[in-house]
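A short worksheet on the structure shown next.
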Amino acid sequence: MVAAVRIHKHGGPEVLTYEEVEVPAPGPGQARVKNHACGLNYIDTYFRSGLYPAAGGLPFIGGNEGAGEVLAVGPGVTEVEVGDRVGYTSALGSYAAERIMPADRLVKLPDNITYQQAAGMMLKGMTVEYLLHRTFKVQKGMNVLIHAAAGGIGLIACQWANYLGANVIGTVGSKDKAELAKANGCHHTILYREEDFPTKVKEITGGKLCEVVYDGVGKATFPASLDCIKPLGMFASFGNASGSIEAFNINLLQAKGSLFCTRPTLNTYAAKREDLLAIANNLFSVVGSGKVKIPVNQTYALKDARKSHEDLEARKTTGSTVLLP
């Protein structure tokens, strides 16, 4: 039996239950992983609330990313060996001391990447990688708007976009978060609670607007985000921290300048193992070089998962947060 945080019914943070669970021996193509750190992400709240259904139904173990060591492998496994240091993402069930994983979804960690770094960046960092390199290729001199710039994804995205040579504009909820975003590569911050962000974007860019808007906020920033994009630009909606964007008239994209709009997911971009490894290795490379740092600003004991969700949803966290089994 090992410690885990399970969800027996959908609801708020109070439904997170710390208890003991059985972990079976790994079957064909599987590996048993001892988690040293588990990542906290906003998507975890979507599964908890029922917005995103868990594939196996209730009850289920929460969490979607982690890092640890391989304890055992099942028949036919060639991707990893016992003792390997590994990270993973987009795999529901990480809030546990140990778990079973499909071996082909595990990524070996370089020696210079710690377990806490990995757990704090596998989902967020790989999301930033595909957003900036695959969904829309950010290039030197482009104007880029990143919503929630002081959040887990935001801080990584600001650093990476800055490294690529973009003019980085970020929306934040407070002056403290504005300073944090600026310290992580954001050139211009907008206090979205006090300022009209499309107007500020026009001022910052001299009326040129942005080539791309990366939006993990959702309902609260739409459709105003479209007013920040230059003709033929891209609106990349990858999250809905404030609620889902409801159905909208697609003619808005025409009226705003023949805009492109996408709702990408890491699962799609990393569906093939070769793509998973390419995305992860690009992330490891830029973090290893020091060009992008992974700020793990909060840690909680696994048993305090409820508190971590409360703080996350209250916008009390910045950067990455990890749970320690």
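Can you give the local net charge around Met142? Use residues other than it whose beta-carbon is closer than 12 angstrom to its beta-carbon, Lys and Arg +1, Asp and Glu -1. Intermediate values should be presented prior to the final figure.
Numbers: positive: Lys137, Lys140, Lys208, Lys230; negative: Glu211.
Net charge around Met142: +3.
No disulfide-compatible partner, judged by a Cβ distance under 4.7 Å, exists for the following cysteines of the chain: Cys38, Cys210, Cys228, Cys261. Short-range pairs are left out: with C-alpha atoms under 8 Å and at least six residues apart, the relative contact order of segment 89-225 is 20 percent. Taking every DSSP helix (H) stretch of at least 4 residues in the chain, weighting each as -39,500 (n - 2.57) and dividing the sum by the residue count yields a mean residue ellipticity at 222 nm of -8000 deg cm²/dmol. Counting only whole DSSP H helices of the chain, the ones at least 15 Å long by C-alpha along their axis and with mean Kyte-Doolittle hydropathy no lower than 0.5 are 152-163, 273-288. For Lys108, a cut-off of 20 angstrom between C-alpha atoms picks up these lysines, skipping any fewer than 8 places away in its own chain: Lys34, Lys124, Lys272, Lys293. Segment 249-304 and segment 1-80 have their alpha-carbon centroids 21 Å apart. Evaluated at q = 0.09, 0.11, 0.20 Å⁻¹, a Debye calculation over the C-alpha positions of segment 140-263 (equal weights, vacuum) places log10 I(q)/I(0) at -0.21, -0.31, -1.10.
By the count of neighbouring beta-carbon atoms within 10 Å, fewest first, Lys124, Lys177, Lys208, Lys200 end up ordered Lys208, Lys200, Lys177, Lys124. Only Lys, Arg, Asp and Glu carry charge here, each on its Cβ (+1 for the first two, -1 for the last two); on that basis segment 140-263 has a dipole of about 200 debye about its Cα centre.
Fewest-first ordering of His36, His133, His309 by other beta carbons within 10 Å of each residue's beta carbon gives His133, His36, His309.
Sorting 6-13, 84-91, 111-118 by their mean Cβ neighbour count within 10 Å, with the most densely packed peptide first, gives 84-91, 111-118, 6-13.
The numbers here are math on the coordinates, done by the rules we state, and not lab data. Because the structure is a prediction, the values reported are computed rather than measured. Backbone-built Cβ (ideal geometry, glycine too); neighbour counts: all protein chains shown.
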